[in-house]
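K.L.:
Before I ask anything, let me first share the structure, which is written out below as structure tokens.
The values are calculated or read from the model by the stated rules, or taken from the named source; none is laboratory data. None of these values were measured; they are calculated from a predicted model. Heads up, the Cβs are rebuilt from the backbone with ideal geometry, glycines too, and the neighbour counts pull from every protein chain shown.
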Amino acid sequence: MLNVAGLFTEYPNPQGEVVKAAQDVTFTVEEGHLFTLLGPSGCGKTTTLRSIAGLERPKAGEISVNGRVVYSSAKGVFIAPNRRGFGMVFQSYAIWPHMNVFQNTAFPLEVGDRHFSRTQIRDNVMRVLAAVQLDHLADREATMLSGGQQQRLALARALVMEPALLLLDEPLSNLDAKLREKMRFELKRLQRELKITTVYVTHDQSEALALSHQIAVMNEGRIQQIGKPRDVYERPANRFVADFVGNTNFIEGTLHAIGPGFHLTVRTEIGDIKISTDLPVSAGDRVTMSVRPEDVALSDTRPQGENVWEGRVEQKVFLGEAIDFRVTVGPRELLSRQHPALRTPVGGPIFVQLDPEKCVLLKVV
Amino acid sequence: MIGVCVVFTVYIAVIPLGFLLWQSFRTPQTADVPAIFTLENYIAAYGTADTLRLFWTSIRFAFGASVFAFTLGTVLAWMNERTNTPFKSVFYALSLIPLVIPSILFTVSWILLASPQIGIINLVLQGWLGLETAPFDIYSLGGMIWVDGLHYSPMAFLLMTAAFRAMDPSLEESATMSGANIFQVAWRVTLRLTWPAVVATILILFVRAIESFEVPALLGLPVGIEVFTSAIYQAVHRYPSRVGLASAYAVALLLITTIGVYSVSRLSSRGSKYATMTGKGFRPRQIDLGPWRWFTAAIFIVYFALIVLLPFAVLLWSSFQRFYAVPSMEALQNLTLDPYRFVFSYPNLGRTVWNSVLLSFGSATIVMLVTSVICWIVVKTKIRGRWILDNIASLPIVFPGLVLGLSIMVFYLNVDIGVYGTIWIMYIAYITRFMPYGLRYNTTSMLQIHQELEESAAMSGASWGTTFRRIILPLLKPGLLAGWIYVMIVSIRELSTSILLYSPDTQVISIVIWELWENGQYVELSALGVLFILALFVLVMVAQLIGRQYGVKEQRA
């Protein structure tokens with residue numbers, strides 16, 4: 001549906017130097033899917049989104065929606081943002097303070113290429129306001145809305161012209177934590193109901209994991225990995241993705257032996273670790289593994305199975321629904337997230353076990 | 001539309017400067033001798049010791065007036081912002097009134113107050129103290145500095161009030177905690193921290209004083225004290241007029257103002273070292289003056305009397321006389337409405353007022369609309385070289401009113417497109433002169449409009465024109481309105497530019513006042529002046545009221 005191919009962007013910063021933003025960004029979004037660009041600030045995700053919107057002109061590449069080319073450096077095509085017919089929700093919501101809720105929502109229908117009668121505008125606006133549960137506030141001044149209401153109004157305004165594509169630029173980042181969580185569900189429900197193709201930009205990994213059909217993790221202008229939320233989290237492609245999407249323990253070592261069925265042994269500073277992988281590797285390679293804190297199992301008694309070591313509790317942080325342990329195994333410190341039921345005291349001995357399936361071998365870059 | 005605005009701006013701002021320089025190198029053109037290149041104007045202007053004196057007088061006048069205005073304004077601002085002087089909120093509101101009184105009327109009223117022959121203050125003091133001669137002579141350099149400095153002290157007051165308000169009061173409080181007394185804090189901390197604002201304020205006042213025309217013309221010329229502005233006026237108004245010589249003077253004046261304006265802009269762009277803004281909403285602790293607060297309140301009252309009450313009272317008095325007479329019991333019996341009858345039967349009065357209204361409303365509207373587009377380009381786009389446009393549109397700010405009038409006169413005398421002597425040349429002059437102010441007002445507002453408000457309109461399918469009309473202009477309204485009011489007020493009082501450009505058909509109110517002065521019709525002038533001040537006052541009040549209504553609504557945004 002949306003095709004972005006070989007996108008390069010750059011812009012001058014206030015000092016006049018050229019900053020390279022997106023570098024060779026390529027991805028496809030299927031009809032009705034929510035696709036997330038995830039990455040730290042300055043990774044090029046917003047520039048990519050703004051290039052799709054037409055608010056920024058890329059240096060090279062091609063962008064097409066349903067086969068309609070909206071930008072192509074090769075063909076010299078650049079369609080102005082107001083002719084693309086995409087809806088967009090901005091980080092600041094960009095609610096016009098001099099208009100009320102109804103006027104804000106009606107604006108796209110009044111200024112676009114298609115002409116609507118007054119009753120059509122009324123019907124469309126009220127329908128979309130009802131969808132975001134703002135219909136009872138249609139006459140309210142836009143500046144009198146709460147943060148969550150403003151967010152929904154921005155969404156209504158983006159949806160009212162039934163856009164081919166919905167672009168969301170960190171739409172939840174201006175809300176407080178509780179409201180953010182609520183709006184996350186709301187947004188997901190609305191997107192799934194309307195089945196509108198959406199590109200979502202965020203730096204919040206939990207938001208990305210919660211909402212997306214597909215996630216593209218970006219860093220320094222390049223896409224690091226594209227995949228389903230579970231894939232990105234459980235099988236990160238490289239060190240950056242593993243680190244950025246959730247917390248993790250990195251363990252370095254040397255590939256020691258390759259057994260049958262991709263079963264490998266890695267020699268590390270805490271000892272030999274048995275793992276499995278489908279990456280093409282050979283004995284003697286230097287490798288890095290990523291183990292999520294929740295996959296570092298702890299117990300007071302020695303458990304059955306492989307990859308078991310004895311360690312010592314260094315520090316505990318109580319988080320309410322979980323408890324974070326810092327445990328030393330030999331010279332290494334590992335982070336482990338446990339159910340608060342585990343009450344081993346600081347300084348006490350503890351057993352550490354790593355599931356071979358959960359020790360993810362990272363691509364050697 | 002963007003293109004039209006850019007071309008218009010460049011045309012209107014660059015033409016006068018170019019022509020002024022060109023003209024300063026030309027001989028006078030007569031019927032049979034065409035103008036040729038010459039350096040004679042510069043030799044005539046700068047080849048004599050008179051010029052050195054002219055330069056020296058101008059500097060002394062401008063320096064004196066600016067330092068006087070600054071000292072007065074700063075003391076008042078400090079008292080108003082940092083002490084518990086009674087009634088100060090009233091005073092802040094009143095401090096804006098003097099800005100409404102046109103310079104020419106302020107000067108005239110001070111002549112009536114302090115001239116050696118008829119000045120009321122002089123006569124009263126002579127009577128009380130039994131003096132032989134008048135204690136004050138307004139027709140002197142000191143008198144000029146007094147009147148000009150006094151008239152512009154509210155400007156210093158406003159600028160310094162803003163500087164004091166921007167300062168983090170905890171910096172002062174920590175000095176108090178270290179054991180400093182009120183004056184040590186004021187001198188060693190407050191004033192030092194506002195140093196960039198202090199220098200900028202003095203520079204602004206200096207530039208303004210050196211551009212001042214009314215005071216030197218009315219007070220200086222009768223006793224032969226000439227400064228650049230009055231010298232330019234003299235050169236144009238003698239017969240045969242020596243435009244080339246005036247241009248050569250004007251170039252020197254332009255150099256001085258350019259250096260001043262450039263220094264101010266440099267100063268404000270690197271003021272960050274003294275970053276006094278913290279954004280914390282602290283209310284400054286107010287110094288308790290104890291019984292001294294009645295003394296400071298008295299200073300406020302005396303100041304207000306000197307700057308508003310006495311000048312207005314003397315005009316009011318004189319406007320009810322048949323011939324000007326000093327207040328006395330017998331003069332009181334001769335009160336008459338004749339001057340007002342004269343004013344209302346003045347030929348072309350209706351037309352004059354209509355011209356003033358048309359010119360001020362028209363140029364305010366055009367200035368604000370054109371600069372809103374210019375300002376959008378400068379603030380919102382990334383077009384290369386947009387700073388050049390900003391500088392070009394700000395260029396007229398270095399032109400003293402008289403010099404601008406001169407350049408425009410010279411240009412349209414040489415390039416005959418049929419505007420010379422019509423109201424259009426006045427429009428061009430006013431728009432040129434006040435464009436930089438419009439730009440400043442719009443820029444302040446434009447910077448506050450979030451980029452995404454505009455981008456979301458584009459994403460909604462709106463074209464640039466629609467976005468500008470339906471999003472930018474409404475959001476710009478507070479700045480547009482404030483700028484419009486400002487430009488309207490300053491253009492309705494405008495004298496120094498108009499004085500070289502008007503014709504009998506295009507007279508404006510300030511010109512009529514000037515002519516009445518030249519003819520010695522003081523009582524008629526007073527009547528017109530009283531009406532003018534009252535009208536301006538009402539106009540400002542109405543504008544403020546409208547502005548507040550919109551302002552409040554926008555503030556919620």
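K.L.:
Tell me, please, whether a residue that is away from chain B (no Cβ under 14 Å), in a loop (DSSP other than H, G, I, E, B) and either of a type outside the set (Lys, Arg) or over 25 Å from residue A:82 (Cα atoms) (or both) can be found in region A:137-145. It would help to see each step written out before you state the result.
P.N.:
Quick first cut of region A:137-145, residues away from chain B (no Cβ under 14 Å) only: A:137-139.
Checking which are in a loop (DSSP other than H, G, I, E, B) leaves us with A:138-139.
The next check asks that each one be either of a type outside the set (Lys, Arg) or over 25 Å from residue A:82 (Cα atoms) (or both); those that pass are A:138-139.
Yes; the residues of region A:137-145 include at least one that is away from chain B (no Cβ under 14 Å), in a loop (DSSP other than H, G, I, E, B) and either of a type outside the set (Lys, Arg) or over 25 Å from residue A:82 (Cα atoms) (or both).
K.L.:
Sticking with this one: Search region A:51-71 for residues being in contact (Cβ under 8 Å) with a residue 24 or more places away in the chain, outside any loop (DSSP other than H, G, I, E, B) and crowded, with 23+ Cβ neighbours inside 10 Å, and hand back the single one that is nearest to the other protein chains (Cβ to nearest Cβ).
P.N.:
Restricting to residues being in contact (Cβ under 8 Å) with a residue 24 or more places away in the chain, outside any loop (DSSP other than H, G, I, E, B) and crowded, with 23+ Cβ neighbours inside 10 Å, the top hit is A:53.
K.L.:
Can you name the condition, by its number, that residue A:239 falls short on among (1) modelled with pLDDT of 90 or more; (2) of a type in the set (Lys, Arg); (3) crowded, with 18+ Cβ neighbours inside 10 Å?
P.N.:
The one condition residue A:239 does not meet is (3).
K.L.:
Name the residue that is nearest to the other protein chains (Cβ to nearest Cβ), counting only residues in region A:16-32 that are modelled with pLDDT of 90 or more and at positive phi. First the steps, then the outcome.
P.N.:
If we filter region A:16-32 for residues that are modelled with pLDDT of 90 or more, which is where we start, we get A:22-32.
If we keep only those that are at positive phi as well, we get A:24, A:32.
On the way: A:24: 24, A:32: 21 Å.
Among residues in region A:16-32 that are modelled with pLDDT of 90 or more and at positive phi, the one nearest to the other protein chains (Cβ to nearest Cβ) is A:32.
K.L.:
Can you tell me which residues in region A:72-119 are assigned to a strand (DSSP E or B), crowded, with 21+ Cβ neighbours inside 10 Å and more than 8 Å from chain B (Cβ to nearest Cβ)?
P.N.:
Going residue by residue through region A:72-119, those that are assigned to a strand (DSSP E or B) are A:72, A:77-78, A:87-89, A:100.
Keeping just the survivors that are crowded, with 21+ Cβ neighbours inside 10 Å gives A:87-89.
Residue satisfying the conditions is A:89 alone.
K.L.:
Wholly within region B:145-240, which helices (runs of 4 or more DSSP H) include no fewer than the required count, namely at least 3 residues that are small (Gly, Ala, Ser)? Step through it out loud before you land on a result.
P.N.:
Details: elements: B:169-177, B:182-185, B:195-211, B:228-237.
Passing ranges, in order: B:169-177, B:195-211, B:228-237.
K.L.:
Quickly run through region A:326-362 and pick out the residues that are over 28 Å from residue A:255 (Cα atoms) and touching a residue at least 12 places away in the same chain (Cβ under 8 Å).
P.N.:
Narrowing region A:326-362 to residues over 28 Å from residue A:255 (Cα atoms): A:338-349.
Result: A:338, A:339, A:340, A:342, A:344, A:345, A:346, A:347, A:348, A:349.
K.L.:
Among B:530, B:508, B:540, which is aliphatic (A, V, I, L, M) and crowded, with 23+ Cβ neighbours inside 10 Å?
P.N.:
B:508
Conditions (1) surrounded by fewer than 24 Cβ atoms within 10 Å (Cβ to Cβ); (2) out of contact with any Ser or Thr (no Cβ under 8 Å at 6 or more places or on another chain); (3) outside any helix (DSSP H, G or I), marked per residue:
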residue	(1), (2), (3)
A:168	no, no, yes
A:174	yes, no, yes
A:183	yes, yes, no
A:189	yes, yes, no
A:192	yes, yes, no
A:196	yes, yes, yes
A:200	no, no, yes
A:216	no, no, yes
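K.L.:
Can you tell which of A:32, A:6, A:44 is touching a Lys or Arg at 6+ places or on another chain (Cβ under 7 Å) and not charged (D, E, K, R)?
P.N.:
Working: A:6 fails: touching a Lys or Arg at 6+ places or on another chain (Cβ under 7 Å); A:44 fails: touching a Lys or Arg at 6+ places or on another chain (Cβ under 7 Å).
Only one candidate passes the filter, namely A:32.
K.L.:
Follow-up. Just one of (1) away from every other protein chain (no Cβ under 14 Å); (2) not in a loop (DSSP other than H, G, I, E, B) trips up residue B:481, so point out which.
P.N.:
The one condition residue B:481 does not meet is (1).
K.L.:
Another question about this same structure. Looking at region B:167-195 only, could you name the residues that are at pLDDT 75 or above and either crowded, with 18+ Cβ neighbours inside 10 Å or within 18 Å of residue B:92 (Cβ to Cβ) (or both)?
P.N.:
Of everything in region B:167-195, those that are at pLDDT 75 or above and either crowded, with 18+ Cβ neighbours inside 10 Å or within 18 Å of residue B:92 (Cβ to Cβ) (or both) turn out to be B:185, B:186, B:189, B:190, B:193, B:194.
K.L.:
Please state which of the following conditions residue A:13 fails to meet, knowing it meets all the rest: (1) closer than 10 Å to residue A:218 by Cβ; (2) within 14 Å of another protein chain (Cβ to nearest Cβ).
P.N.:
(1)
K.L.:
Right, here's the next one. Based on what the data block shows, is residue A:129 buried (at least 17 other Cβ atoms within 10 Å of the Cβ), away from chain B (no Cβ under 13 Å), assigned to a helix (DSSP H, G or I) and touching a residue at least 24 places away in the same chain (Cβ under 8 Å)? Reasoning before the result, please.
P.N.:
Working: buried (at least 17 other Cβ atoms within 10 Å of the Cβ): yes; away from chain B (no Cβ under 13 Å): yes; assigned to a helix (DSSP H, G or I): yes; touching a residue at least 24 places away in the same chain (Cβ under 8 Å): yes.
Yes, satisfied.
K.L.:
If you take the residues of region B:484-502 that are crowded, with 24+ Cβ neighbours inside 10 Å, outside any helix (DSSP H, G or I) and touching a Ser or Thr at 6+ places or on another chain (Cβ under 8 Å), which of them is farthest from the other protein chains (Cβ to nearest Cβ)?
P.N.:
Taking the candidates together, the pick is B:496.
K.L.:
Could you say whether any residue in region B:460-477 is more than 14 Å from every other protein chain (Cβ to nearest Cβ) and either more than 30 Å from residue B:382 (Cβ to Cβ) or polar (S, T, N, Q) (or both)? Steps first, please.
P.N.:
First pass over region B:460-477, keeping only residues more than 14 Å from every other protein chain (Cβ to nearest Cβ): none.
Within region B:460-477, none of the residues are more than 14 Å from every other protein chain (Cβ to nearest Cβ) and either more than 30 Å from residue B:382 (Cβ to Cβ) or polar (S, T, N, Q) (or both).
K.L.:
One residue is enough: does region B:79-91 have a residue meeting the conditions touching a residue at least 24 places away in the same chain (Cβ under 8 Å), under 18 Å from the mean Cα position of the chain (by Cα) and assigned by TED's automatic domain parsing to the domain that holds residue B:313? Explain how you work it out, then say what you get.
P.N.:
Start the filter on region B:79-91 by keeping residues that are touching a residue at least 24 places away in the same chain (Cβ under 8 Å), which leaves B:79-88, B:91.
Narrowing further to those that are under 18 Å from the mean Cα position of the chain (by Cα): none.
So far as region B:79-91 goes, no, none of its residues is touching a residue at least 24 places away in the same chain (Cβ under 8 Å), under 18 Å from the mean Cα position of the chain (by Cα) and assigned by TED's automatic domain parsing to the domain that holds residue B:313.
K.L.:
Also, quick follow-up: Hey, can you tell me all the residues within region A:242-255 that are surrounded by 15 or more Cβ atoms within 10 Å (Cβ to Cβ), farther than 22 Å from residue A:37 by Cβ and either at pLDDT below 90 or out of contact with any helix residue (DSSP H, G or I) (no Cβ under 9 Å at 6 or more places or on another chain) (or both)?
P.N.:
Matches in region A:242-255: A:251, A:253, A:255.
K.L.:
Could I ask something else about it? Starting from residues that are free of Cβ contacts under 8 Å to residues at least 24 places away in the same chain and of a type in the set (S, T, N, Q), keep the ones in region B:446-459 and report whichever is farthest from the other protein chains (Cβ to nearest Cβ). Steps first, please.
P.N.:
Step one: of region B:446-459, the residues free of Cβ contacts under 8 Å to residues at least 24 places away in the same chain are B:448, B:450, B:452-453, B:455-459.
Add one more test, that the residue is of a type in the set (S, T, N, Q), and what stays is B:448, B:456.
Details: B:448: 11, B:456: 4 Å.
Ranking the candidates gives B:448 first.
K.L.:
Then there's this: Can you run down the residue pairs with Cβ atoms below 7 Å, 6 or more apart or on separate chains, where the first is in region B:122-144 and assigned by TED's automatic domain parsing to the domain that holds residue B:106 and the partner is of a type in the set (Ser, Thr, Tyr)?
P.N.:
B:138/B:115; B:139/B:115
K.L.:
For region B:211-227, enumerate the residues that are within 12 Å of residue B:54 (Cβ to Cβ) and among the β-branched types (Val, Ile, Thr).
P.N.:
Scanning region B:211-227 gives B:225, B:227.
K.L.:
From the list A:312, A:343, A:326, A:267, which one is assigned to a loop (DSSP other than H, G, I, E, B) and among the basic types (Lys, Arg)? It would help to see each step written out before you state the result.
P.N.:
Details: A:312 fails: assigned to a loop (DSSP other than H, G, I, E, B); A:326 fails: assigned to a loop (DSSP other than H, G, I, E, B); A:267 fails: assigned to a loop (DSSP other than H, G, I, E, B).
So the residue among A:312, A:343, A:326, A:267 that is assigned to a loop (DSSP other than H, G, I, E, B) and among the basic types (Lys, Arg) is A:343.
K.L.:
Does residue A:298 fit the bill of being part of a strand (DSSP E or B) and either of a type outside the set (Gly, Ala, Ser) or touching a residue at least 60 places away in the same chain (Cβ under 8 Å) (or both)? Before the answer, list the steps.
P.N.:
Working: part of a strand (DSSP E or B): yes; either of a type outside the set (Gly, Ala, Ser) or touching a residue at least 60 places away in the same chain (Cβ under 8 Å) (or both): yes.
Judged against the criteria, residue A:298 is a match.
K.L.:
Let me ask something else about it. Across region A:146-161, what is the number of residues that are modelled with pLDDT under 90 and assigned to a loop (DSSP other than H, G, I, E, B)?
P.N.:
Counting residues in region A:146-161 that are modelled with pLDDT under 90 and assigned to a loop (DSSP other than H, G, I, E, B) gives 2.
K.L.:
Taking the criterion of being crowded, with 22+ Cβ neighbours inside 10 Å, modelled with pLDDT under 75 and of a type outside the set (D, E, K, R), would at least one residue in region B:57-67 satisfy it?
P.N.:
Taking every residue of region B:57-67 in turn, none turns out to be crowded, with 22+ Cβ neighbours inside 10 Å, modelled with pLDDT under 75 and of a type outside the set (D, E, K, R).
K.L.:
Tell me, please, whether a residue that is surrounded by 12 or more Cβ atoms within 10 Å (Cβ to Cβ), under 19 Å from residue B:437 (Cβ atoms) and not polar (S, T, N, Q) can be found in region B:328-343.
P.N.:
Checked against the condition, which is being surrounded by 12 or more Cβ atoms within 10 Å (Cβ to Cβ), under 19 Å from residue B:437 (Cβ atoms) and not polar (S, T, N, Q), region B:328-343 yields no hits at all.
K.L.:
Quickly run through region B:281-340 and pick out the residues that are hydroxyl-bearing (Ser, Thr, Tyr) and part of a helix (DSSP H, G or I). Walk me through it before giving the result.
P.N.:
At the first step, the residues of region B:281-340 found to be hydroxyl-bearing (Ser, Thr, Tyr) are B:296, B:303, B:318-319, B:324, B:328, B:336, B:340.
B:296, B:303, B:318, B:340 - these are the residues of region B:281-340 that are hydroxyl-bearing (Ser, Thr, Tyr) and part of a helix (DSSP H, G or I).
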